[in-house]
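Heads up, the thing below is written out as structure tokens.
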Amino acid sequence: MKMLEVKNLCISFGGLHAVDRFDLSIDKGQLYGLIGPNGAGKTTVFNLLTGVYKPDEGIVKLEGKDITGLKTTEINKAGVARTFQNIRLFKEMTVLDNVKAALHRSYRYQTLTGILRLPAYYKQEKAMDEKALELLEVFDLAGESEVLAGNMPYGKQRKLEIVRALATNPKLLLLDEPAAGMNPQETGELMETIRFVRDNFEVTILLIEHDMKLVSGICEELTVLNFGEELTHGKTTEVLNNPEVIKAYLGE
Ligand SMILES: Nc1ncnc2c1ncn2[C@@H]1O[C@H](COP(=O)(O)OP(=O)(O)OP(=O)(O)O)[C@@H](O)[C@H]1O
């Protein structure tokens with residue numbers, strides 16, 4: 001069974017077909033790329049997959065389960081997590097608390113337990129501390145657990161975003177331009193991190209990226225969007241050598 005199966009996804013804003021008859025099929029454990037020129041509709045696809053927008057038409061299935069049109073929280077619960085083009089961290093909170101905020105979704109105590117600070121509350125807080133630190137250790141961020149997220153270097157903030165997404169225990173991780181604003185060294189480290197995540201967290205990854213070095217370095221297959229429609233899809237090297245794709249990027 002496919003991890004993600006998208007058929008005939010469509011959404012228009014006014015007269016603009018932002019995403020038009022879009023199909024996507026991703027196997028479990030794949031590292032898949034969604035590329036295309038600026039304004040092609042890539043982020044809109046992510047917004048449709050995560051329930052930010054409801055599609056006008058089409059169907060989205062996660063491991064065979066229809067998740068089309070569900071709310072963002074329901075889709076996250078079903079196993080889809082994402083990061084954003086612009087970093088969205090709680091910059092005034094510590095690195096540890098950022099991860100704990102994401103974990104809260106899976107560790108739910110009764111409101112009263114929290115308000116009255118009953119023993120169950122402390123037990124769960126401790127469990128969350130341990131889980132968050134464990135995750136941070138895996139990503140070599142445990143040493144900075146008490147640092148304010150906004151004070152960390154850019155590359156580490158991006159890494160923390162991925163940790164926060166993983167804290168929700170996803171089957172499918174969507175990364176929106178994870179290398180945006182990174183220097184070549186940070187991008188190189190990010191590629192290692194993404195591969196590591198795929199191999200060690202049993203997660204399937206779909207990423208949007210403009211950095212072709214990253215795309216060709218880690219994506220096994222690609223779909224190219226152009227003006228809201230699929231231009232082509234297939235193995236990464238074949239797609240990147242396709243004259244139509246080169247033309248779309250050069251804007252000829
Ligand atoms: N909420 C909205 N209302 C109106 N138009 C929108 C909305 N969201 C996206 N669009 C339009 O849909 C088109 C696709 O935008 P989108 O952000 O998905 O492109 P993209 O491929 O992610 O671009 P980039 O690579 O520059 O991030 C654009 O023309 C954009 O202006």
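Each reported figure results from applying straightforward, stated rules to the coordinates on display, with no laboratory input. Small disclaimer: the values here were computed from a predicted structure and weren't measured. All Cβ positions, glycine included, derive from the backbone under ideal geometry; neighbour counts span all protein chains shown.
Some observations on this one:
- Residue 56 paired with residue 21, simple spin-label distance in nm, labels 7 Å along Cα-to-beta-carbon: 1.4 nm
- Here is how the number arises for the chain: DSSP H runs of 4 or more residues each give -39500 (n - 2.57), the sum is divided by the residue count, and the result at 222 nm is -11500 deg cm²/dmol.
- Cα gyration tensor shape of the range 185-224, rounded if a/c is under 1.5, else prolate or oblate by comparing a/b with b/c: oblate
- As a proxy for reagent exposure, ranking 35, 59 by other Cβ atoms within 10 Å from fewest up yields 59, 35.
- Antiparallel content of DSSP bridges confined to the chain, in %, to 5: 55 percent
- For the chain, the C-alpha radius of gyration divided by 2.2 N^0.38 Å, with N the number of residues, is 1.05.
- Remark: spin-label model distance residue 7-residue 90 equals 4.2 nm, labels positioned 7 Å along the Cα→Cβ axis.
- Label reach from residue 133 (point 7 Å along Cα→C-beta): in the range 75-100, amide nitrogens under 19 Å belong to 94-100.
- Helix screen, the chain: DSSP H segments with Cα axial length of 27 Å or more and mean Kyte-Doolittle hydropathy at least -1.0 are 119-138.
- Highest to lowest packing among 14-27, 40-53, 223-236, scored as the average C-beta count within 10 Å: 40-53, 223-236, 14-27
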